[in-house]
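Asker: I have a structure here, written as C-alpha cells, and I will follow up with some questions on it.
The values are calculated or read from the model by the stated rules, or taken from the named source; none is laboratory data. None of these values were measured; they are calculated from a predicted model. Neighbour counts are summed over all protein chains in view; Cβ atoms, including those assigned to glycine, are modelled from backbone coordinates with ideal geometry. Calculation scope for accessible area: heavy atoms of the full protein, side chains included, ligands and nucleic acids excluded. Shrake-Rupley method; radii C 1.70, N 1.55, O 1.52, S 1.80 Å.
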Amino acid sequence: MTQNEFQRRRTFAIISHPDAGKTTLTEKLLLYGGAIHAAGAVKSRKAKRSAVSDWMALEKQRGISVTSSVLQFEYDDIRWNLLDTPGHNDFSEDTYRTLMAADCAIMILDAARGVEPQTRKLFHVCRMRNTPVVTFINKMDRPARDAFALMSDVEDVLGVSTVPFTWPIGSGDLFQGVYDRRNQAVLRFERSKEGQAKRAEMKVTGIDDPELDSLLGAEPAGALREEIELLDGAGEEWSEPRFLSGDLTPVFFGSALTNFGVEPFLQAFKHLCPPPGDRDAAGDVTVSPSDDRFSAFVFKVQANMDPSHRDRIAFARICSGKFEGGMRVHHYRLGKAIRLNRAEQFFAQDRESVLEAYAGDIIGLYDPGLFRIGDTLSTQGAMSFDAVPRFSPEHFGRLQLLDPLKRKQLKKGIQELSEEGTVQLFTEPGREKDPVCGVVGRLQFDVLMFRLEHEYGAKVTFDLLPYQHARWVDGAATCEELRARRVPMAVLDRDHRPVALFRDEWELGRAERDNEKWTFHETAPIVAAA
Ligand code: G4P
C-alpha cells in the first residue's frame, strides 16, 4: 500500500519573479485539476485576496501573502502537493527552504521580461539540490520577446540547457496557441464565453493547417513553420536524465490568464514531475521513499497561524513510510521518542486534520516548542537527513530596543523567531547587547517589528547596515582576523561560527582572492544534532 501511495505523489513548487503570473497559474492548475470550479477563488491580491496563506494579521493589513503554504489537490489519480513560495518583492528565507522539500519546480517567466532577479535566486537554490525545473513562459497574449531570445536568456543567465516542448503560435493579439512538438500538433485555443474562469476550448490540427495562414498572415505562418523545422533540426535533444539532474529544462509557452497553453503544459507536467525520490541522510545513508519506516524533516516552523490560539505549526516533508496520527517517532536532535498527535493537511482552501500521509506529503504538526527547522523525525532510530541549510541574508540591521525595560521580552522573542527561521541572529564581538539581524527580504524587518511588539511586547527598530552578502568562513578564522584581512564586518552566528559581511560582490571577490586559506560559504547547514 505504502509503495503505491508514494508513487502517486507529486510535490512541487513554483518559482518566479513577482507579477510573472504565479497566482494566476496556480489558480489555473487548481481549475484544471478540478480542485476549484471557477478561477478567481485563489486570488489573494488586494482586498479580494483572502489567500489560503493569509494567516497573519500583518498579511491582511498589507493585502499580501507573507508566509508560504501548501496546497493539495487530486488530478488524474495523482495527489499533487504544491508548496507555495511567497512571490512578492520581499520574500523570505522560507521561500528558499520550501524548495528543499520539493521534488520539482515550475519556473514561470514573463514573456516580455525573461529571467528576472528573483527567479535567478530561486533557480540557484533549485540547483543546489539538482531539483528538476520545468519552464513556463507566460503572458504570450501580450507583446513578448522573441521565443529564441527567451530561450537564450534562460541558457545564458541560468546556465541550463533548454528544450521547447511547445512553441508559441504568434504573440500579443495574434497569439493563437502553441505547437506541441512531441505530438507534432497545432493546438489552437479559443477564449471561452465565460471569460478566463473556464477552460479554453482547444482545436487540434497540423502544422500545415491553412487556417494558420489566415489567422496569422501568410508570412508569419511561413516563419513559424521554418522555426519549427529549425528546432527539430538544430535544437537540443531531450534527455530525461539531464532533466532529472536539473541540467536541462523543458520549456512551454502560454498565457495563464486566458488559459492558452495551460492544458498541454499540465498534461506534460504530469509526466515530467517526478514522484518522491531518494533523500540523503547523514553518514552516507540514503532513504528510499519505498522504505516502510516513517521519516520526515521539518523545513518550516510558523507561529500564530491561528491568532486565537497562539499556536505554532511545524511543516514536515515525509520522505518515507506512512504517517499515522498518534504514532511514536524518534526526534533526532532531542535524542528521544515523541508522539505525533494532530497533523493537518491542506486541501485547496481548507485545512483539515489528517490521519495518514505518505512520502511526498507535507504535514503541519502542532508544535508545543519541540521542533526546529532541519529536525528529523523517524521510526528508523538515530537517523538525520542532511540539514536544511541557512542561506545568506541579503539585508542586515542592528536591532535597537526602544523600551529598555523590555529586554527580557526581546530576548525571548528574538530567540523564538530565530528558531522559527524568521530571522538570522548574529553578534558582533564586543557589542553583544545589540544583535545584528539578517533577513533575505526587506519586508522581514517589518514582520519582525510587528511580531516582537504584538506577540512579545517589545518595541524595536532597526538601523540598517550596508551589507548584502554573508559568507560562513571555514578555516578557523576569528572575527578579528577577518577584519584584519579586508572583511568589512565580521560577526558570529548563533552557533558561534564566524560570518563575513560584504557590501557587494566586488568586496567579496577581493576578500576571497586575498585569503585563499579560507573558504567562504554561501550557506551554512543548520546544526541538526543536539
Ligand atoms: P504573481 O502571483 O506572480 O505575482 O502574479 P499574478 O498571477 O498575480 O499576476 C500578475 C498580473 O499579471 C495580474 O494582473 C495578472 O492578471 C496578470 N497576468 C497573469 N498571467 C497573465 C497572462 O498570461 N497574460 C496577461 N495579459 N496577464 C497575466 P494585475 O492587474 O496586476 O492583477 P489583477 O488585478 O488581475 O489581480
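Asker: Which percent of the Cα-Cα distances in region 411-494 go past 19 Å? Can you show the working numbers first?
Answerer: Working: 1435 of 3486 pairs.
So the portion of pairs separated by more than 19 Å is 41 percent.
Asker: Continuing with the same structure: In terms of solvent-accessible area of protein heavy atoms at a 1.4 angstrom probe, what is the ranking of D173, D208, highest value first?
Answerer: On the way: D173 155, D208 120 Å².
Descending accessible area places them as D173, D208.
Asker: If you place +1 on the Cβ of every Lys and Arg, -1 on the Cβ of every Asp and Glu, and leave all else neutral, what size is the dipole of region 395-521 about its Cα centre, to the nearest 20 Debye?
Answerer: Numbers: 21 positive and 22 negative charges, 65 e Å.
Dipole about the Cα centre, nearest 20: 320 debye.
Asker: Next up: Counting Lys +1, Arg +1, Asp -1, Glu -1, what net charge surrounds F502 among other residues with beta carbon under 14 Å of its beta carbon?
Answerer: On the way: positive: R471, R483, R485, R486, R503, R510, R513; negative: E394, D504, E505, E507, E512, D514, E522.
Value of the local net charge: 0.
Asker: Of K336/K412; K28/K270; K270/K300; K121/K300; K22/K203, which sit over 22 Å apart, Cα to Cα?
Answerer: On the way: K336/K412 25 Å; K28/K270 14 Å; K270/K300 26 Å; K121/K300 19 Å; K22/K203 26 Å.
Beyond 22 Å: K336/K412; K270/K300; K22/K203.
Asker: Further, regarding this structure: Sum up the charges of everything whose Cβ sits under 11 Å from the Cβ of V125, counting Lys and Arg as +1 and Asp and Glu as -1, but leave V125 out. If you can, show how the numbers build up before the last one.
Answerer: On the way: positive: R97, R120, K121, R127, R129; negative: E93, E522.
Here the count lands on +3.
Asker: Please sort 154-165, 104-115, 441-452 by packing, taking for each peptide the average over its residues of neighbouring beta carbons within 10 angstrom, highest first. Write out the running numbers ahead of the final one.
Answerer: Numbers: 154-165: 18.1, 104-115: 22.3, 441-452: 20.3.
So the peptides 154-165, 104-115, 441-452, ranked by packing, come out 104-115, 441-452, 154-165.
Asker: Using only the alpha carbon atoms of region 356-444, find the Kirkwood hydrodynamic radius as the inverse mean reciprocal pair distance, in angstroms to one decimal. Provide the component values of the computation, followed by the final result.
Answerer: Working: mean 1/r = 0.0633 Å⁻¹.
About 15.8 Å for region 356-444.
Asker: Round to the nearest 10 and report in Å² the accessible area of K406, as given by a 1.4 Å probe over the protein chains' heavy atoms.
Answerer: 60 Å²
Asker: Quick one: accessible surface of E190, probe radius 1.4 Å, all protein chains present, in square angstrom to the nearest 10.
Answerer: Near enough 100 Å² of accessible area.
Asker: Enter the accessible area of D247 (Å², nearest 10), with the probe set to 1.4 Å and all protein chains included.
Answerer: That residue has around 60 Å² of solvent-accessible surface.
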